[in-house]
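The structure appears below as structure tokens.
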Amino acid sequence: MSPSATLPDEPVSSGQADPAVLALRKTLTSETAPLAKRFRALFSLKHLASQKPATTQTIPAIEAIAAAFTSPSALLKHELAYCLGQSGKDEAVPFLRAVIEDRREDAMCRHEAAEALGALGDWNSLDLLKQRKDDPREEEVVRETCDIAIERIEWEHSEAGKAERLKQSDFASIDPAPPLAESTIAPSILTLEHTLLDTSLPLFKRYRAMFALRDMASPPDLPTAVPAVQALARGFKDPSALFRHEIAFVFGQLSHPASIPSLVETLGDAKESSMVRHEAAEALGSLGEEEGVEDILKKFLDDPEQVVRDSVIVALDMAEFERNGEMEYATIPAA
């Protein structure tokens, strides 16, 4: 982390004496706790940080999430950034900026921090994002993410963006780009696929097609679901690792069985970026109820890539969660 980041070792906010937040923070920041347990604690804190209206637990939960940026686990840290972006709270911004500014930090984490600033729509972060987008020394995945985040922030604050009518999504996530706006003539899957795969277009526009296709695949029994999944799967051939990783993330949201073959192929490709393979592993974890998925994941427990091994551990825990029919992938401490 950058020296400019302020990550309190001990709770400092008036609400941070809350026993639930303290217990979750202790688990999340413990390097001896099992990774799967730390992830469940993280998603519990994300829930507390995202409450609307904010509660006395909100800022302490954000600080608790940020405190774990000292971890050596790139997988965990990238998930911390994601959760801070999903909180919808401006208090998360300084922690995310500190991650981007620290060039020693893993590119996967810095990419996620940039995406999170886009999700928060933080206008004041535009200068930082533009600097990194135009910096030839910066990792490509970070530069691409900054580009998308800039466009998302500018879209969100524009009159044109405010005037767009968007289809109601089944997903509560704040996405890197909104789905394409509704029009009097609904776009066909073929049209959306063409936009999705057109590398001459800005990534932001292609992402909008991606999320439009996602929404056409939910619920899974829609007649458009399988064709939309198949169209998305063709995105795994894209030259951008960032783009391919987002396809896998979307498949994790959908949990549609039709995505399994392409996810298995992606996870099993040793030449694929670990950033993409890890996301494919977690997507398969969301499909843990499907026959054979757990056995496939177990084959990668000894993968040469640390982030893939860690993702498989989390994915198997997610698969168990799916199999047991639990309500939320989280740990709720006793009051």
Picking from GLU115, GLU144, GLU138, GLU151, the residue that is outside any helix (DSSP H, G or I), surrounded by 16 or more Cβ atoms within 10 Å (Cβ to Cβ) and out of contact with any Cys (no Cβ under 6 Å at 6 or more places or on another chain) would be GLU138
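Conditions tested, residue by residue: (1) modelled with pLDDT under 95; (2) touching a helix residue (DSSP H, G or I) at 6+ places or on another chain (Cβ under 9 Å); (3) of a type outside the set (Asp, Glu); (4) closer than 18 Å to PRO94 by Cα.
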{"site": "LEU28", "(1), (2), (3), (4)": "no, yes, yes, no"}
{"site": "THR32", "(1), (2), (3), (4)": "no, no, yes, no"}
{"site": "PHE39", "(1), (2), (3), (4)": "no, yes, yes, no"}
{"site": "LEU48", "(1), (2), (3), (4)": "no, yes, yes, no"}
{"site": "ALA61", "(1), (2), (3), (4)": "no, yes, yes, yes"}
{"site": "ALA66", "(1), (2), (3), (4)": "no, yes, yes, yes"}
Cβ-Cβ distance below 7 Å, separation of 6 or more or different chains: which pairs start in segment 268-294 with a residue that is in contact (Cβ under 8 Å) with a residue 60 or more places away in the chain and end on one that is in a helix (DSSP H, G or I) and among the hydroxyl-bearing types (Ser, Thr, Tyr)?
HIS278/SER311
Which ones in segment 209-227 are in contact with a helix residue (DSSP H, G or I) (Cβ under 8 Å, 6 or more places away or on another chain) and in a helix (DSSP H, G or I)?
ALA209, MET210, PHE211, ALA212, LEU213, ARG214, MET216, ALA225, VAL226, PRO227
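Here's the yes/no breakdown for (1) under 26 Å from PHE321 (Cα atoms); (2) at pLDDT 95 or above; (3) not in a helix (DSSP H, G or I):
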{"residue": "VAL229", "(1), (2), (3)": "yes, yes, no"}
{"residue": "PHE236", "(1), (2), (3)": "no, yes, no"}
{"residue": "ILE247", "(1), (2), (3)": "yes, yes, no"}
{"residue": "GLY252", "(1), (2), (3)": "yes, yes, no"}
{"residue": "LYS271", "(1), (2), (3)": "no, yes, yes"}
{"residue": "ALA280", "(1), (2), (3)": "yes, yes, no"}
{"residue": "LEU284", "(1), (2), (3)": "yes, yes, no"}
Qualifying residue in segment 52-65 (condition: assigned by TED's automatic domain parsing to the domain that holds PHE95, in contact (Cβ under 8 Å) with a residue 24 or more places away in the chain, within 16 Å of the chain's Cα centre (by Cα) and part of a helix (DSSP H, G or I)):
yes
Residue among LEU84, LEU75, LEU96 that is in contact (Cβ under 8 Å) with a residue 40 or more places away in the chain, surrounded by 21 or more Cβ atoms within 10 Å (Cβ to Cβ), aliphatic (A, V, I, L, M) and within 26 Å of GLU279 (Cα to Cα):
LEU75
I'd like to know if segment 96-105 contains one or more residues that are within 16 Å of the chain's Cα centre (by Cα), over 24 Å from LYS133 (Cβ atoms), assigned to a helix (DSSP H, G or I) and assigned by TED's automatic domain parsing to the domain that holds LEU128.
no
From the set of residues in segment 175-211 that are modelled with pLDDT under 95 and within 18 Å of the chain's Cα centre (by Cα), which is surrounded by the fewest Cβ atoms within 10 Å (Cβ to Cβ)?
PRO178
Qualifying positions in segment 121-135 - under 12 Å from ARG97 (Cα atoms) and assigned to a helix (DSSP H, G or I)
ASN124, SER125, LEU126, ASP127, LEU128, LEU129, ARG132
GLU193 vs. criteria part of a helix (DSSP H, G or I), touching a residue at least 12 places away in the same chain (Cβ under 8 Å) and acidic (Asp, Glu)
yes
Keeping to segment 212-238, report how many residues are more than 24 Å from the chain's Cα centre (by Cα) and either over 24 Å from PRO257 (Cα atoms) or β-branched (Val, Ile, Thr) (or both).
1
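The values are calculated or read from the model by the stated rules, or taken from the named source; none is laboratory data. On a predicted model such as this, the values are computed, not experimentally measured, just so you know. Here the Cβ is made from the backbone with ideal geometry for all residues, glycine too, and neighbour counts use every protein chain on show.
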